[in-house]
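The values are calculated or read from the model by the stated rules, or taken from the named source; none is laboratory data. These numbers were taken from a predicted model, which means no experiment stands behind them. Note that each Cβ is placed from the backbone with ideal geometry, even for glycine, and that neighbours are counted across all protein chains shown.
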Amino acid sequence: MRLSVRSGVCLAAVTCFLAALPVASRAESVTGAGSSFAAPIYEAWGAAAKAETGVTVNYQSVGSSAGQNQILAGTVDFGASDAPMDAAKLETGKLFQFPTVMGGIVPVVNIPGIKADALVLSGEVVAGIYAGDITAWNDPKIAALNPGVKLPDAAIASVHRADGSGTTFVFTSYLADSSASWKQNQGASTSINWPGGLGARGNDGVAATVRNTEGAIGYVEYAYASRNHLTTVRLRNRAGTDVAAGLSSFSEAAASADWKNASHFAVSLLGTPGKNAWPIVSATYVLVPLPARNPERDAAVQKFFAWDFKNGDSIASKLDYVPLPGAVKDSILSAWKSGK
């Protein structure tokens, strides 16, 4: 499937889509599971949408790999994954895939004396740290990116996800894109054989480990870094700019994405060429059965996400996610409703 986005399409289609959905005679409950990256927005949307839609969403933050496995097994009504499922697996599993929001993955550190966004790193240096080639914070390669910054002679403790994770897929894809050595030796996946370091489960586990480990570096979804007051870094992007993480740099990356040619809506947002674009941005995806396994529950899931697309942008922005373009939302709902 190829996405066709027409300029000037408004969200009136969403209202029509909502009106066309079956009206439930009682409150409905649906279950979802997967991405911890997306957990904050699905929980917030669920709380906000319940009164108007009558749909209660029970979401389990168990990681993207588990989310894919559970929707394939039919144990949840929707799966959630930051790593898009490949076309062959979607076909075999009879699943429809679509993005919901976009966000940034950010390196976070715990270095005494270093404040938020005071340290500059590059993709190649971060890859060297996780590969075990750069082991101290005053390494010459880090010092070269940070003239005038007093770097401690302290050991680096790298922290990674211990569970199968779409966040790891995005982060290791960035490392593979930045370092030929990493691409050849470690590669990119939801779960890899890490050369070393500390493992933690979920974005919240990585955040807690970094916060409690002096000298640590980890990677988390931006909202977790913001809510936990973790020390973020600046990254040198493809344009050579040392850019800070935030909605403006995420949005600049999203604006450069090739939505028109994204197969199964799986758009790449890594290393986009914008001058101030954050280099590690990803959409997060939902997977639902198509055709529906249970028409009533599928209708409730459709109702929930249609409400989110129509009403949820301000909630997403408050949680540091980037909403989808309106035309992309319309294309998703149209394809879902038509069964294509």
Residue list for region 54-73, restricted to those being at pLDDT 95 or above, of a type in the set (A, V, I, L, M) and not in a helix (DSSP H, G or I): 55, 57
Odd one out for residue 124 among (1) touching a helix residue (DSSP H, G or I) at 6+ places or on another chain (Cβ under 8 Å); (2) assigned to a loop (DSSP other than H, G, I, E, B); (3) surrounded by fewer than 19 Cβ atoms within 10 Å (Cβ to Cβ): (2)
Here's a check for you: in region 100-121, which residue that is surrounded by fewer than 18 Cβ atoms within 10 Å (Cβ to Cβ) and of a type outside the set (Gly, Ala, Ser) is nearest to the chain's Cα centre (by Cα)? 117
Failed condition for residue 57, given (1) within 18 Å of residue 40 (Cβ to Cβ); (2) under 18 Å from the mean Cα position of the chain (by Cα), with all others met? (2)
Any residue that is in contact with a Pro (Cβ under 8 Å, 6 or more places away or on another chain), modelled with pLDDT of 95 or more, closer than 28 Å to residue 193 by Cα and assigned to a helix (DSSP H, G or I) - is there at least one of those in region 106-113? no
Could you grab the pairs with beta carbons closer than 8 Å, sequence gap of 6+ or different chains, first residue in region 248-267 and in contact (Cβ under 8 Å) with a residue 40 or more places away in the chain, second one assigned to a helix (DSSP H, G or I) and not polar (S, T, N, Q)? 250/222; 259/328; 263/87; 264/87; 264/90; 265/328; 265/332; 267/259
Quick test for you: out of 76, 101, pick the one residue that is in contact (Cβ under 8 Å) with a residue 12 or more places away in the chain, in a loop (DSSP other than H, G, I, E, B) and of a type in the set (A, V, I, L, M). 76
Scanning region 206-253 for residues that are at pLDDT below 95 and either among the acidic types (Asp, Glu) or in the same structural domain as residue 322 (by TED's automatic domain parsing) (or both), the one farthest from residue 283 (Cα to Cα) turns out to be 252
Kindly establish whether residue 308 is without any contact (Cβ under 8 Å) to a residue 12 or more places away in the chain and within 30 Å of residue 107 (Cβ to Cβ). no
Looking only at region 297-340, which residues are under 10 Å from residue 100 (Cα atoms) and among the acidic types (Asp, Glu)? 308
Filtering region 131-172 down to residues that are among the charged types (D, E, K, R), surrounded by fewer than 24 Cβ atoms within 10 Å (Cβ to Cβ) and not in a loop (DSSP other than H, G, I, E, B) yields 141
Residue pairs, Cβ under 9 Å, 6 or more apart or interchain, first in region 28-56 and within 15 Å of residue 103 (Cα to Cα) and outside the structural domain of residue 225 (by TED's automatic domain parsing), second assigned to a helix (DSSP H, G or I) and of a type in the set (Lys, Arg). List them. 40/227
Inter-residue pairs, beta-carbon under 7 Å, first on the phi > 0 side of the Ramachandran plot and in region 106-117, second among the basic types (Lys, Arg), 6+ apart: 113/150; 117/234
What single numbered condition from (1) part of a helix (DSSP H, G or I); (2) surrounded by fewer than 18 Cβ atoms within 10 Å (Cβ to Cβ); (3) not acidic (Asp, Glu) fails to hold for residue 203? (2)
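Being of a type in the set (Gly, Ala, Ser) and either touching a Pro at 6+ places or on another chain (Cβ under 6 Å) or modelled with pLDDT under 95 (or both) is the filter here; which residues of region 130-161 pass it?
Of everything in region 130-161, those that are of a type in the set (Gly, Ala, Ser) and either touching a Pro at 6+ places or on another chain (Cβ under 6 Å) or modelled with pLDDT under 95 (or both) turn out to be 131, 132, 148.
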